[in-house]
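A short write-up of the structure that comes next.
The values are calculated or read from the model by the stated rules, or taken from the named source; none is laboratory data. In this text, all values refer to a predicted model and were calculated from it rather than measured experimentally. We place every Cβ from the backbone using ideal geometry, glycine too, and count neighbours over all the protein chains shown.
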Amino acid sequence: MLINTPIILASKSPRRQELLTLMGLNFKVELKDVDESYPDGLSPAEIAVYISEKKARAFNANGEIVITADTIVALDGEILGKPEDRAHAQEMLRKLSGSKHEVYTGVTIVKGNRTHSFYDRTEVYCKQVSHEEIDFYIDNYKPYDKAGSYGVQDWWGIVVVQRIEGSYTNVMGLPTEKLYNELLKLI
């Protein structure tokens with residue numbers, strides 16, 4: 001293990017936890033309730049970093065590294081957050097059908113009194129899907145905890161996503177290659 005410093009992952013996302021495990025990192029999960037609102041006028045990248053930094057400020061690292069992240073899905077400048085209900089998920093997935101959108105993940109790393117934030121951006125291209133396919137996806141994959149109402153690692157990503165330009169793991173919620181390189185700089 002190249003990075004053996006204790007890490008706190010401040011995320012309940014099972015995908016982020018899986019990615020850190022695959023990276024071979026020694027981490028524990030700690031959660032704090034943080035208001036995820038943001039000021040008007042920010043770009044999608046700025047929103048992702050703003051919320052990530054807000055989450056990081058809720059922690060007192062005490063020598064451990066704290067990693068926070070926030071993922072934003074943007075379609076033609078519109079932010080597609082987590083769906084409020086089934087109708088909202090249907091609406092978002094209809095918008096994504098047959099279009100290109102961007103996924104931004106803001107990441108903040110805190111170690112002692114040092115804080116470093118960055119983001120990654122990935123373009124995602126989706127094929128056109130029917131209302132029946134959208135309903136099938138929602139009924140079977142329940143994407144209510146996902147920005148944009150989909151997971152690239154499940155049926156939507158396997159059947160609907162035609163291609164991506166950029167980091168696949170960024171679309172999952174954590175740009176692992178960039179994160180790894182930034183962690184190496186801290187140790």
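List pairs: first residue in the range 82-111 and at negative phi, second residue among the aromatic types (Phe, Trp, Tyr) anywhere in the structure, Cβ distance under 6 angstrom, at least six positions apart or on different chains.
Pro83/Tyr144; Lys100/Tyr125; Tyr104/Tyr119; Gly106/Tyr119; Val107/Phe118
Considering each residue of the range 62-77, count those that are among the polar types (S, T, N, Q) and closer than 13 Å to Gly106 by Cα, and give that number. Break it down stepwise before answering.
First pass over the range 62-77, keeping only residues among the polar types (S, T, N, Q): 62, 68, 71.
Keeping just the survivors that are closer than 13 Å to Gly106 by Cα gives 68, 71.
Total meeting the criteria: 2.
For the range 156-187, which positions are surrounded by fewer than 16 Cβ atoms within 10 Å (Cβ to Cβ) and either more than 19 Å from Thr122 (Cα to Cα) or touching a Cys at 6+ places or on another chain (Cβ under 7 Å) (or both)?
Gln162, Leu184, Lys185, Leu186, Ile187
Would you check if there is a residue in the range 4-13 being out of contact with any helix residue (DSSP H, G or I) (no Cβ under 7 Å at 6 or more places or on another chain) and free of Cβ contacts under 8 Å to residues at least 12 places away in the same chain?
No, the range 4-13 contains no residue that is out of contact with any helix residue (DSSP H, G or I) (no Cβ under 7 Å at 6 or more places or on another chain) and free of Cβ contacts under 8 Å to residues at least 12 places away in the same chain.
Inside the range 1-101, counting only strands (runs of 3 or more DSSP E) that do not spill past its ends, which hold 3 or more residues that are modelled with pLDDT of 95 or more and crowded, with 19+ Cβ neighbours inside 10 Å? If you could, list the steps in order and put the result at the bottom.
Working: elements: 7-9, 27-29, 65-75, 78-80.
By residue number, 65-75.
Give me the pairs, please: first residue somewhere in the range 166-187 and free of Cβ contacts under 8 Å to residues at least 24 places away in the same chain, second residue anywhere and surrounded by 14 or more Cβ atoms within 10 Å (Cβ to Cβ), beta-carbon distance under 7 Å, and either six or more positions apart or on two chains.
Listed by first residue and then by second, the contacts come to Glu177/Ser167.
Which pairs turn up if I take residues in the range 40-52 that are closer than 9 Å to Asp70 by Cα and look for partners that are surrounded by fewer than 20 Cβ atoms within 10 Å (Cβ to Cβ) and among the β-branched types (Val, Ile, Thr) with beta carbon separation below 7 Å, at least 6 apart in sequence or on another chain?
Listed by first residue and then by second, the contacts come to Ile47/Ile79.
Thr115 passes all but one of (1) assigned to a loop (DSSP other than H, G, I, E, B); (2) of a type in the set (Ser, Thr, Tyr); (3) over 14 Å from the mean Cα position of the chain (by Cα); which number fails?
The failed condition is (1).
Does the range 137-150 hold any residues that are of a type outside the set (S, T, N, Q), assigned to a helix (DSSP H, G or I) and either in contact (Cβ under 8 Å) with a residue 12 or more places away in the chain or within 20 Å of Asn170 (Cα to Cα) (or both), and which are they? Before the answer, list the steps.
To start, the set of residues in the range 137-150 that are of a type outside the set (S, T, N, Q) comprises 137-139, 141-148, 150.
Filter again for assigned to a helix (DSSP H, G or I), leaving 137-139, 141, 147-148.
Within the range 137-150, Tyr137, Ile138, Tyr141, Ala147, Gly148 qualify.
Quick check on Gly151: is it within 28 Å of Ala56 (Cβ to Cβ) and modelled with pLDDT of 95 or more? Steps first, please.
Values: within 28 Å of Ala56 (Cβ to Cβ): yes; modelled with pLDDT of 95 or more: yes.
Spelling it out, Gly151 is indeed within 28 Å of Ala56 (Cβ to Cβ) and modelled with pLDDT of 95 or more.
Within the set of pairs 6+ apart or on separate chains, which have a first residue in the range 17-30 that is among the aromatic types (Phe, Trp, Tyr), a second that is assigned to a strand (DSSP E or B) and crowded, with 16+ Cβ neighbours inside 10 Å, and C-beta atoms under 9 Å apart?
Hits for this filter: Phe27/Ile7; Phe27/Ile8; Phe27/Leu9; Phe27/Ile65; Phe27/Ile67.
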